[in-house]
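Asker: Encoded as structure tokens, here's the structure I'll be asking about.
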Amino acid sequence: MNTIGNGGNLNGLSFLKAQNAQQKNAAGVAKSLEKLATGSRINRGADDPAGLITSENLRAVLSALDAETRTLERADLVAATADGALTEVSDLLNQAESLVVANANGAGLSDEERQANQMEIDSIVGTINRISGTTSFNGDTLLDGTASLSAAGQTIDLDSVSLAPIGEGADAQAALSAARDKVTTLRGKLGSFSKDTVGANLRRIGVEMENIAAAESKIRDTDYGQETANLARTQVLQRAGIMAMGLVTQSQSNVLDLLG
């Protein structure tokens, strides 16, 4: 009687062990399937508390760098808008200077031709002043002397490129030459800003974001090869557990048959 009783107790313990192992393996299979489905190794804090904290901190850094990138890209667009307008102004100044020179050296020009040239000069000045007063980005006027451009700790002032009326002779040529030099200098400042400030910082941030994203991915993302192997191993253990539980149940049934 005692022997049979002890055997029954042992079978009961074996069944409980097999049942606990089965529950553990089922949970392992479910967790592996979740990781493979979501692509994330950490789906909740309990999966890896320390890893989750590190991952979230890295994501916060990435978010800040992304915001900085957008600020730099916007500054670059502003600089490009201003430079495009200044290119047009530079072309107009060259046209005006040619007309001033023609009037100054135009032996044989009729009064009507001189007047026509001056009217065109006046029209060019008006166009330049219109560009100076209306060139804008997102509602902010850029070339009226009130704007500045900042990024990565660097700031440049965008001077006005408006002109006073241009007459004739040496004074007119000097005024146009000074205006052209001013435009050229401003375009150089914008070019340096775009290349050395915006461009250099965008490249730096790009490399930094790539490295941080790789580190965060290594912490948080599923290693598909490893997790597939884990799933296969756990499924084998799960099937073995089912078989073990079946054997224990069958053994108990056989004992009862003997007693019967």
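Computed from the coordinates by the stated procedures, all read-outs in this text should not be read as laboratory data. This structure is a prediction, so every number in the text was calculated from the model and none was measured. Positions of Cβ are generated from backbone atoms using ideal geometry, with glycine treated the same way; all protein chains shown enter the neighbour counts.
Asker: Can you tell which of 95, 119, 29 lies farthest toward the positive end of the dipole of the chain, using +1 and -1 charges on the Cβ of basic and acidic side chains (Lys, Arg; Asp, Glu)?
Answerer: Toward the positive end, the furthest listed residue is 29.
Asker: Assign unit charges at the C-beta atoms only (+1 for Lys and Arg, -1 for Asp and Glu), then state the dipole size of the chain relative to its Cα centre in Debye, rounded to the nearest 20.
Answerer: Result for the chain is approximately 2440 debye, rounded to the nearest 20.
Asker: Still on this model: Any chance you could give the angle, 0 to 90 degrees and rounded to 10, that helix 224-259 forms with the longest Cα principal axis of the chain?
Answerer: 20
Asker: Now a separate question. On a straight-distance basis, which aspartates and glutamates could pair with residue 31 in a cross-link, Cα separation under 20 angstrom, same-chain partners fewer than 8 positions away excluded?
Answerer: Cα-Cα hits under 20 Å: 47, 48, 221, 223, 227.
Asker: Could you tell me how many degrees, from 0 to 90 and to the nearest 10, lie between the Cα long axis of helix 49-104 and the main elongation axis, the longest principal axis, of the Cα atoms of the chain?
Answerer: 20
Asker: Could I ask something else about it? Projecting each Cα onto the charge dipole of segment 50-218 (Lys/Arg +1, Asp/Glu -1 at the beta carbon, about the Cα centre), which of 107, 163, 137 comes out farthest on the positive side?
Answerer: 137
Asker: Now a separate question. Quick check: the angle from helix 111-134's long axis to the longest principal axis of the chain, C-alpha only, nearest 10 degrees?
Answerer: 30
Asker: Mind listing the long-range amide H neighbours of residue 158? Cut-off is under 5 Å, sequence gap 5 or more, other chains count too, H placed in the peptide plane at 1.01 Å from N.
Answerer: 147, 148, 149
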